[in-house]
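Report on one structure; see the data block that follows.
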Ligand SMILES: [Ca+2]
Ligand SMILES: [Ca+2]
Ligand SMILES: [Ca+2]
């Protein structure tokens, strides 16, 4: 979703994809055969509630422009809103790693769904999707793109979701792209328990058809999608991740935080730089504590659930914890 370019929506009605390839895959939300899952579907049993965010570039071929900056980490948590604004923009090659109240398991059919904020069925920004059961070893859903690769889809260009599979962002806002862990069984991924998925990694597809910058599907085809997109909201815009099959009887992990929270140096952050900030929010979103040191004393907080957020340059971490 390119918030700054709403006025261009009026052109959509007279555009159409001028090259149609095989169109092998599921059609748009509302069409017969679609796999789109509505954000209010009763099949969704839980939503991501933790995130590690690494913003990508406004334009990876011109890094001096800086990073995408629309939205915040928390906009990717809890139920998707299905609007244009409650999202976090990843930018070229941006990455978000989401965590969940309960581990995800390979149940019947689709197991989780990723929500983006496209305003139309044919303005589509894609992301790779990987899963992990330890936060270290990840396996990617094998993406396929049959979109033509001869003409660059520009920053506001259109495409057809029937040409892609196993890429998040197939469907317009309010409709999630579903993923079935069963598809990964045949890959026999090492060190990954497909019935105990704890982390999902979302990686922006860089839509350039120039191999110097672009990204490829599982069959070696470069993936053509809107690029460059030098907007604050450039790249994949994550609204939320909903879960269809999770491990029941699992109690939400209550981190035993009671006094001092120390940020380990092996976090992605360069603590020597001293330009990061730690914030503690309560459930209403109010900031209750703040620190620019690598530790924060939470002794005076009442018992309850809080969010800890660390901001550092183009990165944000947000975790939910229980104060004793
Ligand atoms: Ca499944
Ligand atoms: Ca992209
Ligand atoms: Ca959201």
(1) surrounded by 11 or more Cβ atoms within 10 Å (Cβ to Cβ); (2) in a loop (DSSP other than H, G, I, E, B); (3) modelled with pLDDT of 85 or more all hold for residue 254 apart from (3)
Among residues of region 69-87 being within 16 Å of ligand 2 (Cβ to nearest atom), at pLDDT 95 or above and over 17 Å from residue 177 (Cβ atoms), the residue surrounded by the most Cβ atoms within 10 Å (Cβ to Cβ) is 70
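Might you check whether a residue that is part of a loop (DSSP other than H, G, I, E, B) and either closer than 29 Å to residue 194 by Cβ or at pLDDT below 80 (or both) occurs anywhere in region 295-311? Reasoning before the result, please.
Pass one, region 295-311, residues part of a loop (DSSP other than H, G, I, E, B): 298-303.
Still in the list and also either closer than 29 Å to residue 194 by Cβ or at pLDDT below 80 (or both): none.
No.
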Note on residue 43: of the conditions (1) assigned to a loop (DSSP other than H, G, I, E, B); (2) more than 15 Å from residue 246 (Cα to Cα), unmet is (2)
Scanning region 121-160 for residues that are within 16 Å of ligand 1 (Cβ to nearest atom) and in a loop (DSSP other than H, G, I, E, B), the one farthest from residue 25 (Cα to Cα) turns out to be 133
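Suppose the filter is modelled with pLDDT of 95 or more, assigned to a helix (DSSP H, G or I) and assigned by TED's automatic domain parsing to the domain that holds residue 64; does residue 225 pass it?
Judged against the criteria, residue 225 is not a match.
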Restricting region 88-100 to residues that are crowded, with 21+ Cβ neighbours inside 10 Å and not in a strand (DSSP E or B), the one farthest from ligand 1 (Cβ to nearest atom) turns out to be 91
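The values are calculated or read from the model by the stated rules, or taken from the named source; none is laboratory data. Bear in mind the structure is a predicted one, so any value in this text is a computation, not a measurement. Ideal geometry is used to build each Cβ from the backbone, glycine not excepted, and the neighbour counts take in all protein chains shown.
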